[in-house]
């Protein structure tokens with residue numbers, strides 16, 4: 001588009017035999033956008049430029065968020081949509097002040113869509129959720145009490161213990 005606008009401006013600077021915006025658009029492979037060439041020549045801005053003015057977060061701030069979300073997921077702490085919204089609002093408040101307008105309801109979906117190469121949304125399996133909820137301090141304490149009672153006090157040696165994998169077979173050494 002930028003090259004087509006430059007070509008149109010060069011044609012307009014000529015005093016004789018000017019190509020029109022339709023011809024230039026066709027030459028640049030953007031036949032249906034000849035009106036955009038004329039508008040840009042008249043000082044109009046691209047949709048991307050207009051949207052940059054409306055963005056809540058700068059590109060650098062979004063990149064920082066993407067990196068943070070990626071690192072937290074690698075460490076085993078994936079973020080929910082609600083958490084992502086909260087972090088974005090904290091960043092907005094940090095540079096715009098506490099009275100800034102918060103990100104909208106659809107911001108997270110658009111943010112994830114824009115950064116789909118780096119971030120993905122996944123549903124956790126119910127079993128994973130149940131396992132995570134079952135792993136609490138009381139369950140751990142009870143496990144070690146059972147281990148103490150049935151292994152340590154009885155005198156079972158580590159080499160006398162064996163486990164099973166998911167196929168109910170002992171693991172090979």
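Worth a mention:
- Matching residues in the range 8-18 - criterion: being more than 10 Å from residue 41 (Cα to Cα) and touching a residue at least 12 places away in the same chain (Cβ under 8 Å): 11
- Counted residues, the range 35-79 - those being modelled with pLDDT of 80 or more and not in a loop (DSSP other than H, G, I, E, B): 23
- Members of the range 87-100 found to be in contact with a helix residue (DSSP H, G or I) (Cβ under 8 Å, 6 or more places away or on another chain) and part of a loop (DSSP other than H, G, I, E, B), listed by number: 100
The values are calculated or read from the model by the stated rules, or taken from the named source; none is laboratory data. Only a predicted model underlies this, so the values are computations on that prediction, with no experimental measurement involved. For neighbour counting, all protein chains shown are included, and Cβ atoms are generated from backbone atoms with ideal geometry for every residue, glycine included.
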